[in-house]
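Colleague: Please read through the structure below; I'll follow up with questions.
The values are calculated or read from the model by the stated rules, or taken from the named source; none is laboratory data. Because the structure is predicted, anything quoted here is derived from the model rather than measured. FYI the Cβ positions are ideal-geometry reconstructions off the backbone, even for glycines, and counts take in every protein chain you see. The area values use the complete protein model at the heavy-atom level, side chains included, leaving out ligands, DNA and RNA. Shrake-Rupley method; radii C 1.70, N 1.55, O 1.52, S 1.80 Å.
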Amino acid sequence: QVQLVESGGGLVQPGGSLRLSCAASGIIFSFGAMGWYRQAPGKQRELVAHITRGGSTNYADSVKGRFTISRDNAKNTVYLQMNSLKPEDTAVYYCNAQFLGNSYWGQGTQVTVSS
């Protein structure tokens, strides 16, 4: 059974930082491409950052230069370091794994950027 468990969300002031973690089980983590998505109220879920099994990354234009995705295959964990947070980054953030043609999702973690 595949499980993705996110953590690290919370309330932060504008300009602050958070690091999200996603721990995976039930898949050969090193073989999977991983991504972070977010969904704000009333909006569609959107891709924030993606990392391939080889470590190549890509980012949404809105987060380039502020967010960094990374993975630790020894810990079966993918991270999203978020710096210079803005109120418009407020959303539920979801971890996604692409493995053997299947797509798996975590339960999401709330990130709120507000003063």
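Colleague: Could you tell me which of the residues 10, 32, 54 is modelled with pLDDT under 95 and open to solvent by less than 60 Å² (accessible area, probe 1.4 Å)?
Modeller: Values: 10 fails: modelled with pLDDT under 95; 54 fails: open to solvent by less than 60 Å² (accessible area, probe 1.4 Å).
Checking each option against the conditions leaves just 32.
Colleague: Take the residues of region 63-80 that are within 18 Å of residue 113 (Cα to Cα) and among the β-branched types (Val, Ile, Thr): which is most open to solvent (accessible area, probe 1.4 Å)?
Modeller: 68
Colleague: Here are the criteria: (1) farther than 23 Å from residue 3 by Cβ; (2) touching a residue at least 24 places away in the same chain (Cβ under 8 Å); (3) open to solvent by less than 40 Å² (accessible area, probe 1.4 Å); (4) in contact with a Ser or Thr (Cβ under 6 Å, 6 or more places away or on another chain). Tell me which single one residue 93 does not satisfy.
Modeller: Status for residue 93: all satisfied but (1).
Colleague: Based on what the data block shows, is residue 93 of a type outside the set (S, T, N, Q), modelled with pLDDT of 95 or more, out of contact with any helix residue (DSSP H, G or I) (no Cβ under 8 Å at 6 or more places or on another chain) and more than 19 Å from residue 14 (Cα to Cα)?
Modeller: Here the answer is no, as residue 93 does not meet what is asked.
Residue-by-condition table, conditions (1) surrounded by 15 or more Cβ atoms within 10 Å (Cβ to Cβ); (2) modelled with pLDDT of 95 or more:
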site	(1), (2)
61	no, yes
82	yes, yes
88	no, yes
101	no, no
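Colleague: Which members of region 18-47 meet the condition of being closer than 22 Å to residue 2 by Cβ and in contact with a helix residue (DSSP H, G or I) (Cβ under 9 Å, 6 or more places away or on another chain)? Before the answer, list the steps.
Modeller: Restricting attention to region 18-47, the residues satisfying the condition of being closer than 22 Å to residue 2 by Cβ are 20-39, 45, 47.
The one that is closer than 22 Å to residue 2 by Cβ and in contact with a helix residue (DSSP H, G or I) (Cβ under 9 Å, 6 or more places away or on another chain): 38.
Colleague: Could you grab me the full set of residues in region 49-64 that are in contact (Cβ under 8 Å) with a residue 12 or more places away in the chain and either of a type outside the set (S, T, N, Q) or in a loop (DSSP other than H, G, I, E, B) (or both)? Even if it seems obvious, please write down each step before you answer.
Modeller: The first filter runs over region 49-64 and keeps only residues in contact (Cβ under 8 Å) with a residue 12 or more places away in the chain, leaving 49-53, 55, 57, 60, 62-63.
Scanning region 49-64 gives 49, 50, 51, 52, 53, 55, 60, 62, 63.
So that you can scan it fast, the table gives a plain yes or no per residue for (1) in contact (Cβ under 8 Å) with a residue 40 or more places away in the chain; (2) assigned to a loop (DSSP other than H, G, I, E, B); (3) touching a Phe, Trp or Tyr at 6+ places or on another chain (Cβ under 7 Å):
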| position | (1), (2), (3) |
| --- | --- |
| 47 | no, no, yes |
| 70 | no, no, yes |
| 74 | no, yes, no |
| 81 | yes, no, yes |
| 98 | yes, no, no |
| 115 | yes, yes, no |
